[in-house]
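Just below is one structure, and these are the notes that go with it.
The values are calculated or read from the model by the stated rules, or taken from the named source; none is laboratory data. Everything numeric in this text was worked out from a predicted model, so none of it was measured. A quick note on method: Cβ atoms are made from the backbone with ideal geometry, for glycine too, and the neighbour counts reach across all protein chains shown.
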Amino acid sequence: EAEPTAGGVPGGACRARRLYVSFREVGWHRWVIAPRGFLANYCQGHCALPAALPGPGAPPALNHAVLRALMHAAVPGNGGLPCCVPARLSPISVLFFDNSDNVVLRHYEDMVVDECGCR
Amino acid sequence: PEPPRPAIALLQALGLRDAPRGAPKARPVPPLMWRLFRRRDPQEARAGPRRKSPGATPRPCHVEELGVAGNIVRHIPDRSAPARPPEPSSASEPCPEQTVDFDLSAVEPLEHASLARLELRFEAAGPGVAPGSGWELSVARAGPGPVLLRQEVRALGPPVHAELPVAAWAPHAPTPRSLSLVLVLRPRAPAACARLVEAALLLVTLDPRLCHPLARPRR
């Protein structure tokens, strides 16, 4: 399940959008004990000024991203805008049965987008 | 059916060779594994009382509750359990050796073991030992070789945890495909021998491929 964007065009400034990954949808619900799924989210939105500048509490903007946004504002089409990408991620754990009848708990880093930023 | 290609790619990204078939028989999930999962999964943790401290994300590649490095915890059942013969119950004979056998084929060569703990449950085959005397457990690998550990067991009621010296069985060598052990539980005072009812191995390993910080440390 993903947060709908208006007309398929990314709406608004760069930010995290909701994306829920359901293990049942992927067909893993028979061997994954928990969780049933997780909020992976994704990044989408404009990185033109002022979006390329960090909001309150957001990670610091890369100077290069601000430079590109400035260049684009001055001379559009030259080199394009910065990209909206994950800036902070967090892990998940998955509890499942493997093919040797073991109960396994695996920890995966960088699976959930907590924050997006212009890079 | 063969999972679609994107699902295979995702499985491989998660370090799984193929999609597990699921539990072939109804096997309960050990309470310890539930506990580790609930404390380990930040999204679960966020849903719990620890919600107020977002900074409480667990240290990457470390199993805090067990105090060792690792990002994979396996609860491996004893596959020799059904074949375990009944034990003699008279106190005059020495207590017999009891064997356990663990399938470690799911452990990848790149994984480093950081904890291997036996989870054992015994039951007395006859009248228990005199209070306070207890039992002595010794564990060795099947076949020739030294005793891996000797441990005092005060009572048979609660599960017995016996931590194998990891260096003893995985020194600089990949984890073995299987692990067969011989256990002897001797009463310290004359008493009937105890019988091993259930055995499992809790194995913690670290897969370095899944251990990579993304974000640069803050300047």
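Here are the numbers for the structure shown:
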read-out	value
Residues of segment A:89-108 satisfying the condition of being closer than 21 Å to residue A:18 by Cβ, facing chain B (nearest Cβ under 7 Å) and of a type outside the set (S, T, N, Q)	A:89, A:91, A:92, A:108
Residue A:49 being away from chain B (no Cβ under 13 Å), loosely packed, with under 15 Cβ neighbours inside 10 Å and touching a helix residue (DSSP H, G or I) at 6+ places or on another chain (Cβ under 7 Å)	yes
Tally, over segment A:68-88, of residues that are facing chain B (nearest Cβ under 9 Å) and crowded, with 22+ Cβ neighbours inside 10 Å	1
Counted residues, segment B:93-124 - those being within 15 Å of residue B:198 (Cα to Cα) and surrounded by 20 or more Cβ atoms within 10 Å (Cβ to Cβ)	6
Check on residue B:120, under 30 Å from residue B:14 (Cα atoms) and at pLDDT 85 or above	no
Close pairs (7 angstrom Cβ cut-off, 6 or more residues apart or separate chains): of a type in the set (Lys, Arg) in segment A:87-114, in a strand (DSSP E or B) anywhere	A:88/A:114; A:88/A:115; A:106/A:93; A:106/A:94; A:106/B:72
Any chance residue A:65 is buried (at least 17 other Cβ atoms within 10 Å of the Cβ), part of a strand (DSSP E or B) and in contact with a Cys (Cβ under 8 Å, 6 or more places away or on another chain)	no
